[in-house]
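Engineer: Input: one structure, supplied below.
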Amino acid sequence: MQIHWREIIRRPVVTEKSSYMVDFNNQYTFVVHSRANKMQIKQAVELAYPEVSVEKVRVANMPAKRARRFRRVTQRKAGWKKAVVTLAPGDTIPLFEGV
């Protein structure tokens, strides 16, 4: 069964740390589907951005957190999966340029 790359890659993570990783390590960070594995993430990035080639994929499960709202009321933020994708030297993803 073929899964579309948009189902695997949810959105990019744009933070200070991720922009530092783009500038100095050529690594891009994405929020991915919770059941996606490294091979699927690599294929999805190469399908979404055909001009790049992926060298390495690292995956981390980010835990759920509790947020306190209105004194005693607490909410639970869902956990998510983060993928850090290392591209070949010289390759860039134009989405992250100039952010």
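Engineer: Which one is surrounded by the fewest Cβ atoms within 10 Å (Cβ to Cβ), of the residues in region 46-73 that are farther than 15 Å from ILE8 by Cα and β-branched (Val, Ile, Thr)?
Structural biologist: So the residue we want is VAL73.
Engineer: Next up: When the residues of region 1-46 are narrowed to those that are out of contact with any Ser or Thr (no Cβ under 8 Å at 6 or more places or on another chain) and of a type in the set (Phe, Trp, Tyr), which ends up modelled with the lowest pLDDT?
Structural biologist: TRP5
Engineer: Checking the condition more than 16 Å from the chain's Cα centre (by Cα) and either of a type outside the set (Lys, Arg) or at positive phi (or both), which residue from PRO89, PRO94, PRO63 passes?
Structural biologist: Residue meeting the stated conditions: PRO89.
Engineer: Now, a different point. What tally of residues in region 13-40 results from selecting those that are hydroxyl-bearing (Ser, Thr, Tyr) and buried (at least 17 other Cβ atoms within 10 Å of the Cβ)?
Structural biologist: The number of residues fulfilling the criteria is 3.
Engineer: For ASN61, only one of the following conditions fails: (1) of a type outside the set (Asp, Glu); (2) touching a Pro at 6+ places or on another chain (Cβ under 9 Å); (3) within 20 Å of ARG6 (Cα to Cα). What is its number?
Structural biologist: Tallying (1) of a type outside the set (Asp, Glu); (2) touching a Pro at 6+ places or on another chain (Cβ under 9 Å); (3) within 20 Å of ARG6 (Cα to Cα), ASN61 fails exactly one: (2).
Engineer: For residues in region 51-77 being among the small types (Gly, Ala, Ser) and not in a strand (DSSP E or B), which is farthest from THR29 (Cα to Cα)?
Structural biologist: ALA64
Engineer: Say whether the condition of being in contact with a strand residue (DSSP E or B) (Cβ under 9 Å, 6 or more places away or on another chain) and touching a residue at least 40 places away in the same chain (Cβ under 8 Å) is met by at least one residue in region 51-73.
Structural biologist: Looking through region 51-73, at least one residue is in contact with a strand residue (DSSP E or B) (Cβ under 9 Å, 6 or more places away or on another chain) and touching a residue at least 40 places away in the same chain (Cβ under 8 Å).
Engineer: Scan region 61-80 and tell me whether some residue there is among the basic types (Lys, Arg) and at pLDDT 95 or above.
Structural biologist: No - not one qualifying residue is present in region 61-80.
Engineer: Under 9 Å between Cβ atoms, at least 6 apart or on separate chains: pull out the pairs that start in region 1-30 with a residue that is more than 14 Å from VAL85 (Cβ to Cβ) and end on any residue that is small (Gly, Ala, Ser).
Structural biologist: From residues that are more than 14 Å from VAL85 (Cβ to Cβ), the pairs are ILE3/ALA36; ILE3/ALA44; HIS4/ALA44; ARG6/ALA44; ARG6/ALA48; GLU7/ALA36; GLU7/ALA44.
The values are calculated or read from the model by the stated rules, or taken from the named source; none is laboratory data. As the structure is a prediction and not an experimental result, all values here were calculated from the model. So basically every Cβ, Gly included, is an ideal-geometry build from the backbone, and we count neighbours across all protein chains shown.
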